[in-house]
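A.B. asks: Take a look at this one; I'll ask things after.
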Amino acid sequence: MNARDLISIADLSAGDIEEILALAAKLKSDRKAGRDHPLLRGKSLAMIFEKPSLRTRVTFEVGMQQLGGHAVYLAPGDIRMGERESVADVARNLERWVDGIMARTFAHNTVAGLAEYATIPVINGLSDLEHPCQALADFLTIREHKGELQGLKMTFVGDGNNVAHSLVLLAAKVGVDFTLACPEGFEADAGVWELAGRLAADSGASLEVVADPAEGVRNADVVYTDVWVSMGQEEETAKRMEVFRSFQVDSRLLGNAKRDAIVLHCLPAHRGLEIADEVIDGRQSVVLDEAENRLHAQKAALTLLMAG
Ligand code: CP
Ligand code: NVA
């Protein structure tokens, strides 16, 4: 793999993405057949969390253990990067002890700064701008259910947030058409969208933004949603509840997608808000495959970044 860190999907070439997805599929099927590979024997990963987590923490910790390595959990408040110690000093200390860093941060600059100052690989476990590990697990899931990725239509319903950013970049890289259905004022970050546009021009993917969720979901192969209030936006809760009310993915909305469309959600889900029970628990939902695939996709990324 060419990339040295995984801070943004933009760090990965199409070849890197293919390598991660292929290794993830192999590690997954081997594990199900009872075969684990100690590809990171004796290696350690520091996991820095400025925000809470279920999936990211468990899958990185278990993933390192399945690869023969070890993970050290640093809870929100343990380090207080930028307050107790600078990001650069944290990076320069950690690299003396461990072989890789995974960080979940508020500011994207914090995780990007770790990568800048540390000579060991740094993985973004979610920042305010991106969630690249999630997008890789999602595309592994889509490939398992749909086969070939190129030419599929994915519609993200809701907030143009960190998860949407990593998804649009990955879709644009691999040739998946991407529609963002969001209320006015909640579009994706302009810089990310522009970059995705340039990537899409190369892959042949089309990108669009619509304000009507029913129109956005029409003919979609993949319908994706995420929370209306991301971690760190709690003060905007009342306003967001109002603005996003008509953006719930329920069975009526899903009826506009292809009959065999699959439904994804990065989780945690707020049932009855961005997604209805009948959809998240319904036959088209693959959210638990998606959660499982965090483990396999990250084991592949960890191996390609840290082995050797
Ligand atoms: N999807 C995801 O990253 O979940 P956690 O916030 O629980 O890690
Ligand atoms: N957009 C959500 C994703 C959680 C996994 C957040 O940032 O809180």
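A.B. asks: Among the residues of segment 251-301, write down those that are crowded, with 23+ Cβ neighbours inside 10 Å, within 30 Å of H37 (Cα to Cα) and among the hydrophobic types (A, V, I, L, M, F, W, C).
C.D. replies: Within segment 251-301, L264, C266, A297, A300, A301 meet the criteria.
A.B. asks: Kindly indicate which of G160, G100, G151 is in contact with a strand residue (DSSP E or B) (Cβ under 8 Å, 6 or more places away or on another chain), away from ligand 1 (no atom under 13 Å from the Cβ) and at positive phi.
C.D. replies: Within the list G160, G100, G151, the selection yields G151.
A.B. asks: Scan H131, H145, H108, H165 and give me the residue that is over 13 Å from the mean Cα position of the chain (by Cα) and within 16 Å of ligand 1 (Cβ to nearest atom).
C.D. replies: H108
A.B. asks: Shifting gears a bit: Filter segment 178-218 for residues that are small (G, A, S), surrounded by fewer than 19 Cβ atoms within 10 Å (Cβ to Cβ) and in a loop (DSSP other than H, G, I, E, B) and give the result.
C.D. replies: G185, G204, S206, A211
So that you can scan it fast, the table gives a plain yes or no per residue for (1) away from ligand 1 (no atom under 13 Å from the Cβ); (2) under 23 Å from N2 (Cβ atoms); (3) surrounded by fewer than 23 Cβ atoms within 10 Å (Cβ to Cβ):
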{"residue": "S53", "(1), (2), (3)": "no, no, yes"}
{"residue": "V62", "(1), (2), (3)": "no, no, yes"}
{"residue": "P76", "(1), (2), (3)": "no, no, yes"}
{"residue": "R84", "(1), (2), (3)": "yes, no, yes"}
{"residue": "E116", "(1), (2), (3)": "yes, yes, yes"}
{"residue": "I123", "(1), (2), (3)": "no, yes, no"}
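A.B. asks: Where the second residue is buried (at least 19 other Cβ atoms within 10 Å of the Cβ) and of a type outside the set (F, W, Y) and the first is free of Cβ contacts under 8 Å to residues at least 12 places away in the same chain and lies in segment 280-308, which pairs have Cβ atoms under 9 Å and are six or more apart or on separate chains?
C.D. replies: Listed pairs, sorted by first residue: E292/K28; E292/T59; E292/A137; E292/T141.
A.B. asks: Quick test of your reading of the structure: A71 fulfils all but one of (1) away from ligand 1 (no atom under 16 Å from the Cβ); (2) surrounded by fewer than 24 Cβ atoms within 10 Å (Cβ to Cβ); (3) in a strand (DSSP E or B). Name the failing condition by number.
C.D. replies: (1)
A.B. asks: With (1) part of a loop (DSSP other than H, G, I, E, B); (2) out of contact with any Phe, Trp or Tyr (no Cβ under 6 Å at 6 or more places or on another chain) as the list, and Q134 as the residue in question, which single condition is left unmet?
C.D. replies: (1)
A.B. asks: So which residues in segment 171-221 are on the phi > 0 side of the Ramachandran plot and of a type outside the set (S, T, N, Q), if there are any at all?
C.D. replies: Across segment 171-221, the qualifying residues are G175, G185, G204.
No value in this document is a laboratory result; all are computed from the given coordinates. On a predicted model such as this, the values are computed, not experimentally measured, just so you know. Every residue, glycine as well, gets a Cβ built from its backbone with ideal geometry; the counts of neighbours run over all protein chains shown.
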